[in-house]
Ligand code: BES
Ligand code: MN
Ligand code: ZN
């Protein structure tokens, strides 16, 4: 799908479809610039008959040009203008593309978001593009008859062509992360993950380093080695360095959980429980995709991206409940449950990020089912050791419409992961599971400002939604790029 930008407020001049977004309310058609009299009348009629009121999520296709240069017109409801967010524009854009791609089209033109809200016109147009690119994504890699057909080009109208370009690059990185999640665990294992990252970053100013088993041993990363050792697919540690602020002493570390398949290991999951566990590398995909987007946008910032990659399998060689692992920073962890493997690989990865000079850290991980229980499928948990850093991460996420919600990390929770034989154990039991997992991670960040995002809910969607297919979502990429942008300007 190509993207073409017209300088606003011009209405595109031709196309198979015109997507006309409308606010809910009596004069919804009047706020649109440049549409024909006939179309205006038709929209009024539809509203009066109750067939289209502009409610959020509402859509109706008109197979008539009404004197416009378009063969078909898709009316898309945005909801009330005074409660509008960029998120609602994004979802409307995605839903429009998903409707139109049932048939496919050469050219789809988006009319600009009508006036009447407090949204910035260039950001609103950028959100349409983000929504369209994400909406075009699909998990149907192996279906012979795809339910959606390609769209050649979208045309948007915006006062700021650079903002459109930027949002398209970021959205393509989100798609890269989501597509990686959608690959089968047969195709995507630690080594092939690294190869894809190397290929994708080949033309970018990023240094890639891959630690294989001998280097992991030399670096005393017993946790990554332990989790990975039950699988024929060996573990790896992938490190991406993007250093574009030589005089800035700060290093922003982005660390992502990369379990390419989580069977639970010897503490094996149920059949249902492991069905979606190819998604357990979504954190790693998000941090790698964000680093590449940051490099494409040439943001003046230093990024240290660290992704521990392993496949968690049962085997005669796998770690057992009762084993003790020593992480890179010297701390020991009693493995009471081999299914709590994410925190183990992250213990080594966070320690390594600190040793490489990280001054600020964010980790993304599909870490706990408990976080899903607490926050559901569309909001990620945010836990931190530093309020100010959490505020910055939260502000970045809010501005791009990815939802985060704070969970506490009080000292009391530490008792729950005390071990009789080691410095800590890898499960705190039934209660507060998202928090006790984060409490363990906190032992590996050397008191540096750190935020942990538990993305177990929003990283993967079991059902399709009007604006996006089921499968990987690329959640977190947009927050990280926005965070890096703000970090660079501070
Ligand atoms: N990868 C899972 C968490 C998960 C569950 C992600 C559902 C996405 C959807 C993680 O490794 C895990 O198995 N966590 C256990 C921890 C427990 C054994 C302490 C869990 O949440 O049950
Ligand atoms: Mn697990
Ligand atoms: Zn896992």
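No value in this document is a laboratory result; all are computed from the given coordinates. Since this is a predicted model, take the numbers as computed values, not measurements. So basically every Cβ, Gly included, is an ideal-geometry build from the backbone, and we count neighbours across all protein chains shown.
For the Cα trace of the range 2-158, dividing Rg by the Kirkwood Rh returns an Rg/Rh value of 0.95. Relative contact order of the range 2-158, taken over Cα pairs closer than 8 Å and 6 or more residues apart, is 34 percent. Overall shape: rounded for the range 172-489, with the ratio a/c of the largest to smallest alpha carbon gyration tensor axis below 1.5.
A Förster distance of 22 Å, applied to the separation of the beta-carbon atoms of residue 56 and residue 102, puts the FRET efficiency at 0.60. For residue 198 and residue 430, the FRET efficiency from 1/(1 + (r/R0)^6), where r spans their Cβ atoms and R0 equals 45 Å, is about 0.60. Helix 387-400 and the longest principal axis of the C-alpha atoms of the chain enclose an angle of approximately 30°.
With the highest mean first, a sort of the peptides 456-469, 278-291, 240-253 on other beta-carbon atoms found within 10 angstrom per residue produces 278-291, 456-469, 240-253. When you restrict to C-alpha pairs under 8 Å that are six or more residues apart and normalise by the size of the chain, the relative contact order lands at 16 percent. One compactness figure for the range 144-271 is 1.38, namely its Cα radius of gyration divided by 2.2 N^0.38 Å. With both labels modelled 7 Å from their Cα along Cα-to-Cβ, the residue 162 to residue 213 distance reads 5.0 nm. Here the simple spin-label model places points 7 Å from the Cα toward Cβ, and for residue 489 and residue 470 these points are separated by 4.0 nm.
Relative to the current alpha-carbon distance between residue 271 and residue 324, full extension at 0.36 nm per residue lengthens the span by 16.3 nm. Per residue, the average separation of C-alpha pairs within less than 8 Å and at least 6 apart gives the range 242-349 a relative contact order of 38 percent. Between the beta carbons of residue 446 and residue 145, assuming R0 = 60 Å, the FRET efficiency works out to 0.65 to the nearest 0.05.
Test of understanding: what is the full-extension gain from residue 220 to residue 421, defined as 0.36 nm times their sequence separation minus their Cα-Cα distance?
70.3 nm
Each stretch of four or more DSSP H residues adds -39500 (n - 2.57); spread over every residue of the chain, this sum gives -10500 deg cm²/dmol at 222 nm.
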